[in-house]
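J.: So that we are looking at the same thing, I have put the structure below in structure tokens.
The values are calculated or read from the model by the stated rules, or taken from the named source; none is laboratory data. None of the values given here were measured: they were computed from a predicted structure. Neighbour counts run over all protein chains shown; Cβ positions are idealised from the backbone, glycine included. Side chains included, ligands, DNA and RNA excluded: accessible areas come from the protein's heavy atoms. Shrake-Rupley method; radii C 1.70, N 1.55, O 1.52, S 1.80 Å.
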Amino acid sequence: MASNLNPRYAYTVVYVRDVAKSVAFYAKAFGYPVRRLDHSNRWGELESGKTTIAFTPAHQHETDDLSGEVRMPQSSHERNPIEVCFDYSDVDSAYKNAVENGAVPVSEPEKKEWGQKVGYVRDIDGIVVRMGSYVNPSEAHH
């Protein structure tokens, strides 16, 4: 049907309150080198492998008017409609590092039925970040 399109998943863009703060937070808490922080602080990227994690302000005229406003959660009983997932060789150490660097603990890493050890934190904007151990792709059924 559309087999000649050759898509490549290039970016996940996370809408945040303060791009510079979020880029610095993700670098320290989750261990990603910063690839780029635009001088205007309206765009930031991390060195995150084949798919780039990028940050942009939650509210900006060009996108608010074009595609609608981004809604941020209004209470701790609400969450963003995205979950960012990172895998580590030592998820316990990574989780501890994230919390020591400002991530809000949600649940400590524990073994899941699919064989992966997984923990959850929230970032400085309340976005849920899933932190997991490396897992064989053929074993991951979640």
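J.: Between a residue in region 73-86 that is farther than 27 Å from residue 133 by Cα and any residue that is surrounded by 11 or more Cβ atoms within 10 Å (Cβ to Cβ), which pairs come within a Cβ distance under 7 Å, given they are 6 or more apart or on different chains?
T.: 73/79; 73/80; 73/126
J.: Here is a follow-up. How many residues does region 46-71 hold that are within 15 Å of the chain's Cα centre (by Cα) and in contact (Cβ under 8 Å) with a residue 24 or more places away in the chain? Write out each step before concluding.
T.: Here is the first cut: in region 46-71, the ones within 15 Å of the chain's Cα centre (by Cα) are 46-58.
Then keep just the ones that are in contact (Cβ under 8 Å) with a residue 24 or more places away in the chain; that gives 50-58.
Matching residues across region 46-71 total 9.
J.: So which residues in region 39-62 are open to solvent by 40 Å² or more (accessible area, probe 1.4 Å) and either farther than 27 Å from residue 105 by Cβ or in contact with a helix residue (DSSP H, G or I) (Cβ under 9 Å, 6 or more places away or on another chain) (or both)?
T.: Selection gives 39, 40, 41, 42, 43, 50, 59, 61, 62.
J.: Further question: Just to be sure before I move on: is residue 78 assigned to a loop (DSSP other than H, G, I, E, B), open to solvent by 30 Å² or more (accessible area, probe 1.4 Å), of a type in the set (Asp, Glu) and farther than 20 Å from residue 120 by Cα in the structure I sent?
T.: no
J.: Look at region 85-141 and say how many of its residues are open to solvent by less than 70 Å² (accessible area, probe 1.4 Å), among the aliphatic types (A, V, I, L, M) and assigned to a strand (DSSP E or B).
T.: Selection size over region 85-141: 5.
J.: Right, here's the next one. Can you pull out every residue in region 23-53 that is of a type in the set (A, V, I, L, M) and modelled with pLDDT of 95 or more?
T.: Of the residues in region 23-53, the ones of a type in the set (A, V, I, L, M) are 23-24, 27, 29, 34, 37, 46, 53.
The answer is 23, 24, 27, 29, 34, 37, 46.
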